[in-house]
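The structure appears below as structure tokens.
The values are calculated or read from the model by the stated rules, or taken from the named source; none is laboratory data. Because the structure is a prediction, the values reported are computed rather than measured. Reconstructed Cβ throughout: ideal geometry from the backbone, glycine too, with neighbour counts over all protein chains shown.
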Amino acid sequence: MKEVAISIKAVNQPGVFKEITNLTAKCNINITYTHLFIEKGNIANIYMEFENVENINELIKNIKMLDTVKKVETHPSISEIYGKRIIIIGGGAQVAQVAHGAIAEADRHNIRGEHISIDTIPLVGESELSDAVSAVGRLPRVGALVLAGSLMGGKISEAVEEVKNEHDLIVISLNMPGSVTEKADLVVTDPVQAGVMAVMAIAETAIFDIKKIRHAKF
């Protein structure tokens, strides 16, 4: 069945989330994604995506009956709106150039029905970069990671190997000194081209199979 997404505004207090998940479990509904943050006025904003929902109206009715719940709305899922994500990590100048190529190429595919979004973070330092790479494994919808810097290795390479082993994502690296280039699926010298190729690698509307050129350098 089609994925269903809802947002819930509720009083921020212990046990609220448990009450909501108990309702979904009783309806044999599987939660595929959720996040929660606190808004002003001590209101919890809970976003949830479900599968196997036979009667979404009945579920919403039951959730609204909870004393702590103020509002419930249905939405398209985050995947439908933002689609696959490309994460670009590294030095500011290199990140900007990779993003330039990725955004231009994503626009071309999104016009044709794709949904690809680009996330960037300029960082300096081995520990900071390795933490950021490891955190990619905790982010939803990531299709590709681009490492855009001038020198990366050590803990960063270890983090790259870890996320590749545990998650289904493509890693592209700029051509640079350091062992990161040995761990990447693809090494590209031109940062703009790296961004373009990252989009092409995950776009369903692109005729491009990265498996055929994996571990190549351009």
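Quick look at the numbers
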item	result
Cross-chain or 6+ apart pairs with Cβ under 6 Å, the stretch 72-90 first and at positive phi, then not aliphatic (A, V, I, L, M)	83/115; 90/149
Subset tally (residues that are in a helix (DSSP H, G or I), under 15 Å from the mean Cα position of the chain (by Cα) and farther than 19 Å from residue 199 by Cα) for the stretch 109-142	3
Considering residues of the stretch 156-180 that are among the acidic types (Asp, Glu) and within 16 Å of the chain's Cα centre (by Cα) only, the residue surrounded by the fewest Cβ atoms within 10 Å (Cβ to Cβ)	168
Residue check for residue 124: surrounded by 15 or more Cβ atoms within 10 Å (Cβ to Cβ) and of a type outside the set (Gly, Ala, Ser)	no
Criterion (surrounded by 14 or more Cβ atoms within 10 Å (Cβ to Cβ), assigned by TED's automatic domain parsing to the domain that holds residue 181 and farther than 26 Å from residue 81 by Cβ) met by exactly one of 153, 143, 137	153
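Conditions (1) of a type in the set (A, V, I, L, M, F, W, C); (2) part of a helix (DSSP H, G or I); (3) within 27 Å of residue 200 (Cβ to Cβ), marked per residue:
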residue	(1), (2), (3)
45	no, no, no
54	no, no, no
57	no, yes, no
63	yes, yes, no
70	no, no, no
80	no, yes, yes
93	yes, yes, yes
